[in-house]
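Colleague: I'd like to ask some things about the structure below.
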């Protein structure tokens, strides 16, 4: 009788093991399907011919501490972001933030970024930077960059269209 009992346990263990493997395989397939759906969704929402991204980077030390940024495209607010000290520190250490991803029709567009923070002598500081970008059927990328101007002892705000 005892050997029959152990035989049943082994069969149950094998069945449980097979079921666990099947579940793991299904989980892997779901993760792969989810990744494929995400890529498809990105392609549908942001087709390459209208895709437009805006990035923010910093290389500052003593002249500016970023609190918030607002992005406008053709006088329409498309992004706002309030920065935590960790996010601001990450940007200062060389990080780059994609602050906006969206669709933009071909043609010329005006992009404006408003930066709010603390400037020299810990005074409130608000500055803007404007760039005109000619959107083509290819994806377009704009970078706003904040740097220190050692000569003037002020922050310097620049923008660039990446080709």
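Colleague: For a quick check, take a GNM of the chain with Cα springs below 10 Å and name the residue from 102, 151, 119 with the largest mean-square fluctuation.
Modeller: Result: 151 has the largest fluctuation of those listed.
Colleague: OK, next. Modelled label-to-label distance, residue 110 and residue 154, 7 Å Cα→beta-carbon offset: nm?
Modeller: Once both label points are built, they end up 2.1 nm from each other.
Colleague: From Cα pairs below 8 angstrom and at least 6 apart in sequence, can you work out the relative contact order of the stretch 72-163, rounded to a whole percent?
Modeller: Taking the mean separation of contacting Cα pairs over the length of the stretch 72-163, I get 22 percent.
Colleague: Among bridges DSSP assigns within the stretch 58-163, what percent are antiparallel (round to 5)?
Modeller: 95 percent
Colleague: I've got another one for you. Extending each Cα 7 Å along its Cβ direction at residue 138 and residue 101, get the distance between those two points in nm, one decimal.
Modeller: 2.0 nm
Colleague: Relative contact order for the chain: what percent, with Cα pairs under 8 Å and sequence separation of 6 or more?
Modeller: Answer for the chain is 25 percent.
Colleague: Sorted from fewest to most neighbouring beta carbons within 10 Å, what does the list 17, 159 look like?
Modeller: 17, 159
Colleague: For the stretch 38-163, with equal point scatterers placed on the C-alpha atoms only and solvent neglected, what are the log10 I(q)/I(0) values from the Debye formula at q = 0.19, 0.20, 0.21 1/Å, to two decimals?
Modeller: With no solvent term, the Cα-only Debye profile gives -1.03, -1.11, -1.19.
Colleague: 222 nm [θ] for the chain, helices only, -39500 (n - 2.57) per DSSP H run of 4+, per residue, to 500?
Modeller: Value at 222 nm, helices only: -11500 deg cm²/dmol.
Colleague: Okay, next question. Could you state the angle between the C-alpha long axis of helix 2-45 and the longest principal axis of the C-alpha atoms of the chain, as a value from 0 to 90 degrees rounded to the nearest 10?
Modeller: It works out to around 20 degrees.
Quick note: the coordinates plus some simple rules give every number you see, no bench work behind them. Keep in mind that this is a model prediction, so the values were computed, not measured. Positions of Cβ are backbone-derived with ideal geometry, glycine not excepted, and every protein chain shown enters the neighbour counts.
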